[in-house]
Each structure stands twice: as structure tokens, then as C-alpha cells.
Amino acid sequence: QTLLRLTNALVHFQRPFFLHGPRYLLPLSLKDVSEELELHESTISRAANGKYLQSEWGLFEIRHFFTNSISGVGSSGSSYSKGAVKAMIQELIADETWNRSDQEIADILAGRGITLARRTVAKYRNELKVGSSHSRK
């Protein structure tokens, strides 16, 4: 029953992800879900451990939906999840007509209101198992 409630809560909180894809993954903490379900965070954590959700976008470990936020800038004051920013980086690399450097990717994201250091872009790119601009040639 806890797993069913957790799954329903994830679908509710992450509706943009399920409708539009990984780029729309929202920041979400165990605390957010535990407060909504009126359960302890450790209960949510145990229920999520080793469980997966199948979606139109693939098979994801439930823990994938609990992601840190990266603050946006500008009038919107929006925030993006780490997973959404990584999806944007992956899209930029996949769509590139030339091999963009980490700094160029950081500059493009900054233009979208997402301020990241070049080193953070490099870290996320490595987590995506994508080589540097020199190795993608």
C-alpha cells in the first residue's frame, strides 16, 4: 500500500516529466513526499529502495525522481532539477553541429536562465558518460 501511495504521489509531483519527458523533471525531496503522504522520510526511502517505474520515457529507478534543485535566475525565479539540466546538456550535445565546449554549453544554459560553472557542466557531462568536445570529434 505504501508503494502504491508513493507511486501516485510521484506521478502527481512529477506530472510534467510524465507528460513531456526527462527535461521536465522537477526538484523533489523525500521530505516533500513524506509530508504529502504523512509518513516518515525513512518509510518513503525504504519503499522506494530497489523499485522501478516504467514510463513512456523508459524504465527509471524510483530514486531517480528525487532530485536536487538548481536555482534559475531572472524574473521567473524558477528552479530546475539536476536531472532536467543533465537532460538539457545531453540534448545540446546530441543536436550540436560542432562540438561545443563545456563553457559554450554553460553559456547556452545561462541564456536560458540556468547559471552553472563550466566545471559543473563537465561533471554532469561525465555523469552522462559523454566525452569532452575534443573526444567527440
How many Lys pairs in the chain lie less than 18 angstrom apart by Cα atoms, where the lysines are 8 or more positions apart or on different chains? 6
For the chain, the longest principal axis of the Cα atoms and the Cα long axis of helix 118-127 enclose an angle in degrees, to the nearest 10, of 60 degrees
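Convert 37 °C to kelvin, take the viscosity as 0.692 mPa s, use the Kirkwood radius over C-alpha pairs of the chain as Rh, and evaluate the Stokes-Einstein diffusion coefficient in µm²/s, rounded to a whole number. Don't skip to the end; give the middle numbers.
Values: Rh = 16.1 Å.
Using the Kirkwood radius from Cα pairs, D works out to 203 µm²/s.
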Per residue, accessible area of the stretch 24-113 with a 1.4 Å probe, heavy atoms of protein chains only, in Å², comes to 56 Å²
FRET efficiency (LEU92, HIS40; Cβ distance; R0 30 Å; to 0.05) is 0.15
Please give the helix 102-111 orientation as an angle from the longest Cα principal axis of the chain, in degrees from 0 to 90, rounded to the nearest 10. 70 degrees
Cut-off 15 Å (backbone N to label point 7 Å along Cα→Cβ of SER132), residues of the stretch 90-114: 99-105
Nearest 10, in degrees from 0 to 90: the angle of helix 82-94 to the longest Cα principal axis of the chain is 40 degrees
Which value, in Å² and to the nearest 10, is the accessible area of ARG46 when all protein chains are kept and the probe is 1.4 Å? 150 Å²
Tell me, what is the FRET efficiency for ASN99 and ASN68 to the nearest 0.05, using R0 = 22 angstrom and their Cβ-Cβ distance as r? 0.20
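The values are calculated or read from the model by the stated rules, or taken from the named source; none is laboratory data. What you see is a predicted model, and the numbers here were worked out from it, not measured in a lab. Note that each Cβ is placed from the backbone with ideal geometry, even for glycine, and that neighbours are counted across all protein chains shown. Just the protein is used for accessible areas: all its heavy atoms, side chains included, with ligands, DNA and RNA removed. Shrake-Rupley method; radii C 1.70, N 1.55, O 1.52, S 1.80 Å.
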